[in-house]
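To start, the structure itself, in structure tokens.
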Amino acid sequence: MKKTYVLDTNILIQSPHAFLNFEDNDIIIPFVVLEELDGLKKSDGEKGSNAREAVRKLEEFRICGNILDGITIEDGGTLRVEKNYKDIPLPEDLSEDKSDNRILQVCKGLKDNNTNGQEVILVTKDIVLRLKAQVIGIQAEDFTTEQITEDAALYRGRTEVFIPQESVKEFKKKGIPATELYTSDELENQYGVSLEENEFVVLIPDQSAKKTLLGRKSGEKVVPLKYQKAQPYGVSPRNVGQYFMQEALMAPASEAPLVIVKGMAGTAKTFYSLAVGLEKIYNNPTGEYRRIIVCRPNAQFDDDIGFLPGDEKEKIAPLMRPIIDNLEQLLDSNEKERYADEVELQGKIEEIFSRGIIQTEALNYIRGRSIMQTYLIIDEAQNMTPNQVKGIITRAGKGTKIVLIGDPNQIDKPFLDKWTNGLSYAAMCMQGSPLCWQLTLSAEECERSELAMDAIQRL
């Protein structure tokens, strides 16, 4: 049976083409949503861009017929703008002057005057509005089209399996077929394993479990790590997760153009990404990349960057302080280059930036560019929307490697959570791609101070 979906403004801001995701059901756009889109269309960043795109899409529908009466869209559904129901009474506590409450009026009016038995459902990213809707008897849902599934959330890009003892030597030489690996249950029943492309593997010899091997799924085989003994910019892995991360980051852009690393703060995601970039461009130039670009899509980038003083670089400098902190640690911890004082250390950092080895960018300055032969680090990628991730990945030119790093449990942007953020969305969509290597670092692989770890557990 057909349903009637009423869309909130935030749905169109997140996904301007959301109209096309409701199959053969009826879509209602309250008139107040048009007003809000009109007010947002001149905004900077993704919010303004998506508002303009949504308005353009509505204009395409308008040309096809009367948008007040309803226009047939793809899959057989209809789209119309609703300007009535201003006289529908709401609880006294809900002011009719608020846009959200005006949307509730439309929903209640549609429900009260429903003659064909269709369910009326409000679709919004606003949790408070969904709560208000329930209070007045209106069904409400989140927009889940760009939301990851629970199975995708569980995928960590790594697994543990058993390897027959007699296959160990062959694995070390050139790898073994993935069909030789297996798992077992408590009753020691053996089962074959299904591995995604580029999934990292801890192999446990079935007759000597104390010594494990590390590998990666490549085609029909599981092969040993190539860069296990590497020390990018003097940094050595301290745990299994870092060995896997090093492998993904060290692999050339031709093999691993997209790397996705998830993990809590302190797992050395940013630190290791910078170390590999500096090794390949500065310490031991390979000619593979021309530069490192670092972008941190904080909430301020799209909304508040214009209020900060100075030019582009000066505006984003405070937001890039975590990158500087990691650089200081990298440069000062290098055994070959110890610095006697802070002045000398700062001089080295300034040299790296002045030579253009590392460049910093705000997210809204990446849009529309074609980035060639670049080692591109997107830090705090969990604060990106799915649309932003699409825009970044499609900007990758020849020879560019994109590194998306972040923690899906630390979201700073409204209307995003661990299910809908761009980092998780990219991980789900690119799972199994031969061009994407991804990994989730565990809490046990965190390298923070004893105090920080103790506080995490206690607070």
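Scanning segment 204-244 for residues that are assigned to a strand (DSSP E or B) and surrounded by fewer than 21 Cβ atoms within 10 Å (Cβ to Cβ) gives Ile204, Pro205, Leu213, Leu214, Ser218, Lys221, Val223, Pro224. Between Ile127, Ile138, Ile148, Ile88, the distinction of being closer than 21 Å to Lys2 by Cα and aliphatic (A, V, I, L, M) belongs to Ile138 only. In the set Gly157, Gly175, Gly234, only one residue is within 30 Å of Tyr282 (Cβ to Cβ), touching a strand residue (DSSP E or B) at 6+ places or on another chain (Cβ under 8 Å) and not hydrophobic (A, V, I, L, M, F, W, C); that residue is Gly157.
Cβ-Cβ distances below 8 Å connect the following pairs, each with a first residue in segment 344-357 that is under 23 Å from Leu376 (Cα atoms), a second residue that is of a type in the set (Lys, Arg), and a separation of six or more residues or different chains: Gly356/Arg291; Ile357/Arg291. Just checking, how many residues over segment 28-53 are at pLDDT 90 or above and farther than 22 Å from Asn101 by Cα? Number satisfying all stated conditions: 2.
Considering segment 35-48, and only residues there that are surrounded by 17 or more Cβ atoms within 10 Å (Cβ to Cβ) and without any contact (Cβ under 8 Å) to a residue 60 or more places away in the chain, the residue that is farthest from Phe415 (Cα to Cα) turns out to be Lys41.
The values are calculated or read from the model by the stated rules, or taken from the named source; none is laboratory data. Bear in mind that the values here come from a model prediction, so they are computed numbers and not experimental data. Quick reminder, even Gly has a Cβ in these numbers, built from the backbone with ideal geometry, and neighbours come from all protein chains shown.
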